[in-house]
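**Student:** Got a structure here, written out as structure tokens. Questions coming.
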Amino acid sequence: MTSVAEPPSHSPTVSSQDASAPPSATPQDKIKPFEFFGRATYASHADACMVRDTLAVDPELRPEQVTRALSVEGTDFIMKFNAADVRTLRAAVSTFCDLLALVTRTLEMFGQGN
């Protein structure tokens, strides 16, 4: 994912990084060594929370293969995925990003509280 130079008011600025082992690696991370970390910046804390709450409803389809953690820091929506293999990680992140794009477009269309 890449950063957007000048996002509209509700469009997130998305960045990601690939880290082999975060400083706070848990035993679960060692079982699922492949990681994706992404951050999307929204116009407000409320928008980021709405995105998190909307996407947190659906559990991972294969929790034994993939784990995800969703959180909000300020106006940033943060997502972290760990998977047992690269192929599973790619599929999980790709599907999640499709849903993230849908939620973001919906937020842009209807706005917070409209």
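The values are calculated or read from the model by the stated rules, or taken from the named source; none is laboratory data. Keep in mind it's a predicted model, so treat the numbers as computed, not measured. Remember, those area values only see protein heavy atoms, side chains included, never the ligands or the DNA or RNA. Shrake-Rupley method; radii C 1.70, N 1.55, O 1.52, S 1.80 Å.
**Student:** Please go through segment 81-97 and pick out each residue that is aliphatic (A, V, I, L, M) and open to solvent by less than 60 Å² (accessible area, probe 1.4 Å). Before the answer, list the steps.
**Tutor:** First pass over segment 81-97, keeping only residues aliphatic (A, V, I, L, M): 83-84, 86, 89, 91-93.
Within segment 81-97, A83, A84, L89, A91, A92, V93 meet the criteria.
**Student:** Hey, among V51, V72, which residue is within 12 Å of the chain's Cα centre (by Cα), at pLDDT 95 or above and in a helix (DSSP H, G or I)? Outline the logic, then answer.
**Tutor:** On the way: V72 fails: in a helix (DSSP H, G or I).
When all the criteria are applied, what remains is V51.
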